[in-house]
Amino acid sequence: MKTTITSLTFVLMILLITQSLFGQEDENENKNSKFGLGVSLFNLTEFVYENDNGPTNSIYLTIDIGSKFRLEPIVGFTISNRFEQYAIGIGGFGRKSISKFDLLYGLRLELSSNETKVIAPTIGGEYYFIKNFSIGSEVQLRGRINDEDWYVFTNSSVIVRFYF
């Protein structure tokens with residue numbers, strides 16, 4: 001009898017969970033202001049400029065202001081026994097929503113602890129699998145300037161974001 005009740009409870013829990021997981025979302029839902037956290041999963045530049053000693057994967061605080069604009073502060077850091085470095089930045093983007101996809105275009109500015117400054121025109125997009133989760137990608141033309149020299153290179157990354 002006890003195994004029957006346990007089995008029945010287990011089946012009911014699975015049914016309740018699957019009902020909420022596979023619920024249909026309204027595609028015409030109004031995309032107003034929202035907040036989220038994101039992380040860069042993959043940066044091609046990390047492999048090319050491995051002696052740069054700069055922060056690798058960044059953490060993004062995504063702030064959507066209405067349906068047309070995004071503000072995105074960024075923080076990244078690297079700590080080891082040989083050096084310690086951080087980078088902070090901000091991105092400002094226009095947004096164009098197409099169903100579950102957002103096209104993003106704008107500019108990122110960054111400053112690191114070794115006084116390196118970065119300006120990066122950026123274009124990207126993100127696809128919303130559900131209302132609170134997206135996977136996106138962006139491509140940048142990064143201009144990096146420090147006291148001694150400057151250089152320009154491209155950067156691409158895959159970003160996962162969770163919204164609240």
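Data overview
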| item | result |
| --- | --- |
| Pairs where the first residue, in segment 63-79, is more than 17 Å from residue 162 (Cβ to Cβ) and the second is in a loop (DSSP other than H, G, I, E, B) and of a type in the set (Ser, Thr, Tyr), C-beta under 8 Å, 6+ apart | 65/33; 66/33; 76/56; 76/58; 78/56 |
| Qualifying positions in segment 97-106 - exposed (fewer than 14 other Cβ atoms within 10 Å of the Cβ) and without any contact (Cβ under 8 Å) to a residue 24 or more places away in the chain | 98 |
| Top-ranked residue of segment 74-84 - restricted to ones that are within 21 Å of the chain's Cα centre (by Cα) and not hydroxyl-bearing (Ser, Thr, Tyr), ranked as surrounded by the most Cβ atoms within 10 Å (Cβ to Cβ) | 76 |
| Candidate set from segment 107-117 (those that are assigned to a strand (DSSP E or B) and more than 16 Å from the chain's Cα centre (by Cα)); member that is surrounded by the most Cβ atoms within 10 Å (Cβ to Cβ) | 112 |
| Residue selected from segment 122-164 under the condition among the charged types (D, E, K, R) and closer than 19 Å to residue 61 by Cβ, by the criterion farthest from the chain's Cα centre (by Cα) | 131 |
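Conditions tested, residue by residue: (1) among the aromatic types (Phe, Trp, Tyr); (2) crowded, with 19+ Cβ neighbours inside 10 Å; (3) in contact (Cβ under 8 Å) with a residue 24 or more places away in the chain; (4) under 17 Å from residue 107 (Cα atoms).
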{"position": "123", "(1), (2), (3), (4)": "no, no, no, yes"}
{"position": "128", "(1), (2), (3), (4)": "yes, yes, yes, no"}
{"position": "134", "(1), (2), (3), (4)": "no, yes, yes, no"}
{"position": "140", "(1), (2), (3), (4)": "no, yes, yes, yes"}
{"position": "143", "(1), (2), (3), (4)": "no, no, yes, yes"}
{"position": "148", "(1), (2), (3), (4)": "no, no, no, no"}
{"position": "151", "(1), (2), (3), (4)": "yes, no, no, no"}
{"position": "157", "(1), (2), (3), (4)": "no, yes, yes, yes"}
{"position": "162", "(1), (2), (3), (4)": "yes, no, yes, no"}
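Read-outs throughout are calculated quantities, based only on the coordinates presented, and are distinct from any laboratory measurement. As the structure is a prediction and not an experimental result, all values here were calculated from the model. Note that we place each Cβ from the backbone using ideal geometry, even for glycine, and neighbour counts take in every protein chain shown.
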